[in-house]
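> Starting off with a structure, shown below.
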Amino acid sequence: GLPFEAMELDLPEGSLVALFTDGLLERDADRAGAELRRALAVPADSLADLADGALKAVLPEEPDDDVVLLLARTRALGADQVATWDIAPDPVHVAAARQAAAEQLAAWGLEETAFVTELVVSELVTNAIRYG
């Protein structure tokens with residue numbers, strides 16, 4: 001795969017995070033980047049409305065490439081809303097990580113999210129072991 005650099009950022013509560021594909025800035029990266037920053041600073045009723053406005057401001061009528069824009073807003077979590085586990089770097093422990101996540105979700109009353117969460121945990125732990 002392509003090389004990448006890991007990075008840690010401290011984001012204050014309420015920060016807006018924008019992730020997007022290169023197709024969003026393809027025509028003129030500097031100008032489109034400035035337009036995107038201006039568009040994301042405009043108040044909106046929802047992140048979906050903010051994304052729609054940003055796409056309209058930045059994209060030409062007929063984009064040449066596919067475009068994805070994902071917006072998220074940060075919020076603080078209390079200690080009772082966070083779970084951490086130390087997992088040995090051995091694939092045999094992936095199942096235990098999935099089980100721990102399922103048990104934690106049950107304790108939080110979030111059983112309906114268990115299937116998807118277990119898939120995500122499995123992928124994250126497996127990738128951390130394989131590439132970490």
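The values are calculated or read from the model by the stated rules, or taken from the named source; none is laboratory data. None of these values were measured; they are calculated from a predicted model. FYI the Cβ positions are ideal-geometry reconstructions off the backbone, even for glycines, and counts take in every protein chain you see.
> Residues of the stretch 40-63 being in contact with a Lys or Arg (Cβ under 8 Å, 6 or more places away or on another chain) and either surrounded by 10 or more Cβ atoms within 10 Å (Cβ to Cβ) or not assigned by TED's automatic domain parsing to the domain that holds Gly23 (or both), which ones?
If the condition is that a residue be in contact with a Lys or Arg (Cβ under 8 Å, 6 or more places away or on another chain) and either surrounded by 10 or more Cβ atoms within 10 Å (Cβ to Cβ) or not assigned by TED's automatic domain parsing to the domain that holds Gly23 (or both), then Leu47, Ala57 are the ones that fit.
Let's see how each residue does on (1) under 20 Å from the mean Cα position of the chain (by Cα); (2) farther than 21 Å from Arg75 by Cβ; (3) in a loop (DSSP other than H, G, I, E, B):
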{"residue": "Glu26", "(1), (2), (3)": "no, yes, yes"}
{"residue": "Arg37", "(1), (2), (3)": "yes, yes, no"}
{"residue": "Ala48", "(1), (2), (3)": "yes, no, no"}
{"residue": "Ala57", "(1), (2), (3)": "no, yes, no"}
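> While we're on this one: Cβ-Cβ under 8 Å, sequence separation 6+ or interchain: first residue in the stretch 6-29 and surrounded by 13 or more Cβ atoms within 10 Å (Cβ to Cβ), partner outside any loop (DSSP other than H, G, I, E, B) and of a type in the set (Val, Ile, Thr). Which pairs?
So the pair list comes out as Leu24/Val58; Leu25/Val58.
> Follow-up. What is the number of the single condition among (1) over 30 Å from Ala29 (Cα atoms); (2) at pLDDT 95 or above that Ala79 does not meet?
Ala79 satisfies all of (1) over 30 Å from Ala29 (Cα atoms); (2) at pLDDT 95 or above except (2).
> Further, regarding this structure: Can you find a residue in the stretch 93-105 that is outside any helix (DSSP H, G or I), out of contact with any strand residue (DSSP E or B) (no Cβ under 6 Å at 6 or more places or on another chain), among the basic types (Lys, Arg) and touching a residue at least 24 places away in the same chain (Cβ under 8 Å)?
No, the stretch 93-105 contains no residue that is outside any helix (DSSP H, G or I), out of contact with any strand residue (DSSP E or B) (no Cβ under 6 Å at 6 or more places or on another chain), among the basic types (Lys, Arg) and touching a residue at least 24 places away in the same chain (Cβ under 8 Å).
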